[in-house]
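To start, the structure itself, in structure tokens.
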Amino acid sequence: MSIITGKNICKSYGKDTLENKVLKNIDIEVSAGEFVAIMGKSGAGKSTLLYQLSALDKPTSGEITIDGKNILDFDESELVNFRLYTLGYIFQDYALIPDLNVTENVLTPLLMRGIDWKTAQKISKEVIDSVGLEGKYNNLPSQLSGGEQQRVSVARAIAGKPKILFADEPTANLDSVSGRSVIDLLAKLNEEGQTIVMVTHEEEYANHCNRIIRLEDGVVKKIEDRNYLLTNTTKGSVEHVAPINLPTY
Ligand SMILES: Nc1ncnc2c1ncn2[C@@H]1O[C@H](COP(=O)(O)OP(=O)(O)O)[C@@H](O)[C@H]1O
Ligand SMILES: [Mg+2]
């Protein structure tokens, strides 16, 4: 079942002679439960495409349906709510709030949903434990390594059980060991059913995905179906990951 459908997506910046056509007539479908990688050189339009598919931006033309909703019909406040309740985001620079500790960073979006403080704290603790950060509840982001900060951002993104998780180069600022552990974490979440769309330029990490969408100059050059290659042993080397028991609530 398709959870994201994009038809003829075009995105331009600037106008007239200065128009920069960044995405050109892109058709894309993501099925529920898939782990999809978007790959391509720097400047190919990967982030721009991810922003259109994740309701962070609207295309110049085309159609986008996410979880059965035509997001181009939404006004700004409907979009804010849709993102808050349905989608989760992970960015290259973690985007944590520096003055808030780990727990506060993770529970903020839960409070914004109207969940009471006590429940939000309980959920946050369970999710923080599930990403392997037990005991770091009161640390500030500056007191954590890059890999740990990215785990906090994963915890924050999944705490609200989003239907789709979007990640824009989540390992770009990490050393290879931390990067691997973040990818293993995403692979494990995907095995548990989480739909994930991830931009990456690391071939090795994309190998854990069901499909690789290769972008070149704003055009889909190639879609590689990797399902036939993926087995339990090749899909994420999950043995490096702390066991994940996502809370049910
Ligand atoms: N907000 C913006 N305003 C103008 N041009 C932009 C903007 N965002 C991206 N671009 C341009 O779009 C192209 C693709 O950018 P991006 O999607 O960030 O590429 P990638 O993520 O593949 O490196 C680049 O040429 C970039 O300069
Ligand atoms: Mg980018």
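Bear in mind that the values in this text are calculations on the coordinates, not laboratory data. As the structure is a computational prediction, the values presented were derived from the model and not from experiment. A quick note on method: Cβ atoms are made from the backbone with ideal geometry, for glycine too, and the neighbour counts reach across all protein chains shown.
The order of the peptides 141-147, 43-49 by mean Cβ neighbours within 10 Å, most packed first, is 43-49, 141-147.
Please compute the contact order of segment 45-95 in relative form: average sequence separation of alpha-carbon pairs under 8 Å and at least six residues apart, divided by the residue count, as a percent.
Relative contact order comes out at 24 percent.
Using only the alpha-carbon atoms, how far is helix 117-130 inclined from the longest principal axis of the chain? Give it as 0 to 90 degrees, nearest 10. Orientation of helix 117-130: about 80 degrees from the principal axis. Between Lys7 and Glu29, the modelled labels are 1.2 nm apart [label points 7 Å from Cα along Cα→Cβ]. Short-range pairs are left out: with C-alpha atoms under 8 Å and at least six residues apart, the relative contact order of the chain is 26 percent. Look at where the Cα atoms of segment 5-47 and of segment 152-175 average out, and the two centres are 20 Å apart. Angle, helix 76-86 long axis vs. longest principal axis of the chain, Cα atoms, 0 to 90°, nearest 10? Between the helix axis and the principal axis of the chain, the angle is about 50 degrees. In degrees between 0 and 90, to the nearest 10, how far off the longest principal axis of the chain does helix 102-112 point, with axes built from Cα atoms? With rounding to tens, the tilt is 60 degrees.
Taken along the Cα-to-beta-carbon direction at a fixed 7 Å, the label points for Ala95 and Glu202 span 2.0 nm. Which of rounded, prolate or oblate describes segment 1-132 when judged by the alpha-carbon gyration tensor and an a/c cut-off of 1.5? Prolate, since a/c reaches 1.5 and a/b exceeds b/c. When shorter helices are ignored and each DSSP H run of at least 4 residues is given -39500 (n - 2.57), the per-residue value for the chain at 222 nm works out to -9500 deg cm²/dmol. Taking amide hydrogens as placed 1.01 Å from N in the peptide plane, the amide H of Ala167 sits under 5 Å from those of Ile90, Val197, Met198, Val199, each at least 5 positions away in sequence or on another chain. Using a cut-off of 29 Å between Cα atoms, the listed pairs Lys11/Lys125; Lys46/Lys125; Lys24/Lys161; Lys21/Lys222 include Lys11/Lys125; Lys46/Lys125; Lys24/Lys161 as exceeding that distance. From the square roots a ≥ b ≥ c of the eigenvalues of the alpha-carbon gyration tensor of segment 123-224, which class results: rounded (a/c under 1.5), prolate (a/b over b/c), or oblate? Since a/c reaches 1.5 and a/b is larger than b/c, the shape of segment 123-224 is classed as prolate.
Under 5 Å from the amide H of Ser31 lie the amide H atoms of Ile3, each residue being 5 or more positions distant or on a separate chain, with H modelled from the backbone and absent for Pro and chain starts.
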